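The values are calculated or read from the model by the stated rules, or taken from the named source; none is laboratory data. Note that the structure is predicted; figures quoted are calculated from it, not measured. Cβ sites come from the backbone with ideal geometry, for glycine too, and all protein chains shown count toward neighbours.
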Amino acid sequence: MILRALKRLFHQISLGDQSYRFMFAPGPIDEVVAFDCETTGLDCRRDDIITIAAIRIKGARILTSERFEAVVRPEARMRADAIKVHRLREADVEAGKRIEKIIPEFLRFIGGRPLVGYYVEFDVRMIDKYMLGLIGIELPNPLIEVSKLYYERKYGDAPAGAIIDLSFSAILSDLDLPALDQHDAFNDALMTAMIYLKLRDFKERGVRIPRSRVTRGTEAPLG
């Protein structure tokens, strides 16, 4: 957290293209953005983004009419294992824009709003690698990790040895939320937005999520 704050300060000072100064201004009050990226793989250095989706949340409303969706034509080859996950073939992304065209549009959509995600740091690292080349900065936005919010509501007071499951499906099930087709950037962003709002409500009302009494070993494995 401290490192990210220092990076933000450095990038704010060193920003060359002043047209992106808006990224460092606070977003509208009570607004955040849930977002998700689908990629050609899980290696931030070698793999590329193929789809990005983002949805604005204002107060307790998910503004699906105010959303960002883009298909990217990647530089990296589409591997068979990744195609099985997100079900997008090279032919499906061939008509997409280059990421250099999409990043500026994405930044203007999110502005300075906090970004909500599920393992959001991976998606942010993928965005950052393009931003550094294009603009010379990384995303300065505050980050909200829904798996962390879920952990606090369910496992924050768990004893040593408690079994911990932070999978997307477990979170949706515990919160009684609909499971849409996963590994679709828009669906994942929408489900993340629903998770965020429900967990935020739980926290505000002091509601905890019941957990099993089953334990295993002495350490809590991360799901």
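If we keep just the residues of the range 204-223 that are outside any loop (DSSP other than H, G, I, E, B) and at pLDDT 85 or above, which is farthest from the chain's Cα centre (by Cα)? Taking the candidates together, the pick is ARG205. Only residues in the range 34-60 that are more than 17 Å from LEU115 (Cα to Cα) and at pLDDT 95 or above count as the first member; pair them with residues that are crowded, with 22+ Cβ neighbours inside 10 Å and of a type in the set (Lys, Arg), Cβ under 9 angstrom, at least 6 apart or cross-chain, and list the lot. From residues that are more than 17 Å from LEU115 (Cα to Cα) and at pLDDT 95 or above, there are no pairs.
Here are ILE137, ILE163, ILE171: which of them is more than 23 Å from ARG67 (Cα to Cα), in contact with a Pro (Cβ under 8 Å, 6 or more places away or on another chain), touching a residue at least 24 places away in the same chain (Cβ under 8 Å) and not charged (D, E, K, R)? Selected residue: ILE163, the only one of ILE137, ILE163, ILE171 that is more than 23 Å from ARG67 (Cα to Cα), in contact with a Pro (Cβ under 8 Å, 6 or more places away or on another chain), touching a residue at least 24 places away in the same chain (Cβ under 8 Å) and not charged (D, E, K, R). If you go through the range 19-32 one residue at a time, do you hit one that is in contact with a Cys (Cβ under 9 Å, 6 or more places away or on another chain), at pLDDT 90 or above and under 20 Å from PRO104 (Cα atoms)? No - not one qualifying residue is present in the range 19-32. Scanning the range 176-203 for residues that are over 15 Å from the mean Cα position of the chain (by Cα) and either closer than 23 Å to THR51 by Cα or surrounded by fewer than 19 Cβ atoms within 10 Å (Cβ to Cβ) (or both) gives ASP176, LEU177, PRO178, ALA179, LEU180, ASP181, ARG200, ASP201, PHE202, LYS203. Residues in the range 8-32 that are of a type in the set (D, E, K, R) and in contact (Cβ under 8 Å) with a residue 24 or more places away in the chain: ARG8, ASP17, ASP30, GLU31. Kindly indicate whether THR64 is among the polar types (S, T, N, Q), modelled with pLDDT of 90 or more and surrounded by 20 or more Cβ atoms within 10 Å (Cβ to Cβ). Criteria not met by THR64. Considering the range 124-170 alone, what residues qualify as being assigned to a helix (DSSP H, G or I) and touching a Leu at 6+ places or on another chain (Cβ under 7 Å)? Matches in the range 124-170: VAL124, ILE127, ASP128, MET131, VAL146, SER147, LEU149, TYR150, TYR151, ARG153. Selection of the range 1-31 for residues being surrounded by fewer than 15 Cβ atoms within 10 Å (Cβ to Cβ) and over 21 Å from the mean Cα position of the chain (by Cα) yields LEU6, LEU9, PHE10, GLN12, ILE13, SER14, GLY16, ASP17, GLN18, SER19, ARG21.
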